[in-house]
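All remarks here apply to the structure that follows.
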Amino acid sequence: MIWFTEYQTKNTGLTVKVKEAKHIQSKYQEILLLDTYEYGKMLVLDGAVQTTERDEFIYHEMLSHPALIKHRNPERVLVIGGGDGGTVREVLKHPEVKQVHLCEIDEEVIKVSKEHLPTISNQLDNPKVSIFVEDGNKFLDERKSYYDVILLDLSDPVGPAEALFKRAFYEKVKGALREGGIMAAQTESPFLQELYFKTAVKEIQKVFKYYGTYLAFIPTYPAGMWSFTIASDDVDVTKTDAKELEKLKNLNTKYFCDKIYTSLFSLPKFVSDLIK
Ligand code: SPD
């Protein structure tokens, strides 16, 4: 019998029983594809759970839809990271989207996801999608004032994604947005990764004029409590109007809904205290 444990801190972790495991060492990281009893297939990078067939919809819906709904016409979208394809799948639910660029540093993550996680990666071959196997940091050096929405679908701020949680990177993200542009980023667990959370959110706050942080319950992520931060220099992302609620009605989602959207920024007190 095989068990896998993700050590989320030195003292706690998530343990799952595994039917079968596949191991790949890529140029950047250790990739594990586990077939688990409880969560279906699970993708693990350098020991950290990235996505599972059972709960991936929560993360991918919550990273994508708030930013896409708040933008008045999101035609050009960039996803940085997200090689499993779940964010791209959600982005393509918005009919206004004409072009999706996916910038993923590790080609092996895309390959493994296409082969083993078809329900997550099934839109990666959509004709609207172009895939760039590149470092997101370098990729943005070449792109100025181009995108309507940028989604940072990153692994934790250690290893390949470390530089992508820093102020200099958020500045590049801002520079790559055209007028009216909005970005959303995964900003870690406020409960078990307090420092990662605080640092990422505060760096975003320093770069953008408008910002808001929101949470989702994701069973396989540390503490089950996960955060996202949405930001813009032109759009007050904390406001909601009737048109946005209309757009939301037509999305085929399982977690994200009008009730979540209208109370998106209602944070528990200890969480807002961390990012004041
Ligand atoms: N602790 C792991 C956080 C991973 C966040 N990114 C997941 C990428 C899924 N598309």
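Laid out as a table, the results:
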quantity: Spin-label pair LYS166/ARG178, simplified geometry with 7 Å Cα→Cβ offset, distance in nm; calculated: 3.0
quantity: Global form of segment 118-258, assessed from the alpha-carbon gyration tensor, a/c cut-off 1.5; calculated: rounded
quantity: Gain on full stretching of the segment that runs from SER263 to GLU75 - 0.36 nm per residue minus C-alpha separation; calculated: 65.1 nm
quantity: Ranked packing of 59-72, 89-102, most packed first, by mean Cβ within 10 Å; calculated: 59-72, 89-102
quantity: Per-pair calculated FRET efficiency, R0 = 30 Å: GLU194 and VAL133 via Cβ, rounded to 0.05; calculated: 0.35
quantity: Rounded to 5, percent antiparallel among DSSP beta bridges of the chain; calculated: 65
quantity: Residue list for segment 175-213, given a label point 7 angstrom along the Cα-to-Cβ vector of ASP236 and an amide N cut-off under 15 Å; calculated: 209-212
quantity: Solvent-accessible area, 1.4 Å probe, carbon plus sulfur percent, for segment 56-180; calculated: 47
quantity: Computed lengthening from GLU107 to ASN11, 0.36 nm per intervening residue step minus Cα-Cα distance; calculated: 31.3 nm
quantity: Listed pairs LYS10/LYS269; LYS70/LYS254; LYS27/LYS111; LYS93/LYS249; LYS27/LYS114 exceeding 21 Å between Cα atoms; calculated: LYS10/LYS269
quantity: SER272-ALA223 pseudo-label distance in nm [points 7 Å out on the Cα-to-Cβ vector]; calculated: 1.7
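The values are calculated or read from the model by the stated rules, or taken from the named source; none is laboratory data. Owing to the predicted nature of the structure, the values given are computational and were not obtained by experimental measurement. Every residue, glycine as well, gets a Cβ built from its backbone with ideal geometry; the counts of neighbours run over all protein chains shown. All accessible areas refer to the heavy atoms of the entire protein, side chains included, with ligands and DNA or RNA removed. Shrake-Rupley method; radii C 1.70, N 1.55, O 1.52, S 1.80 Å.
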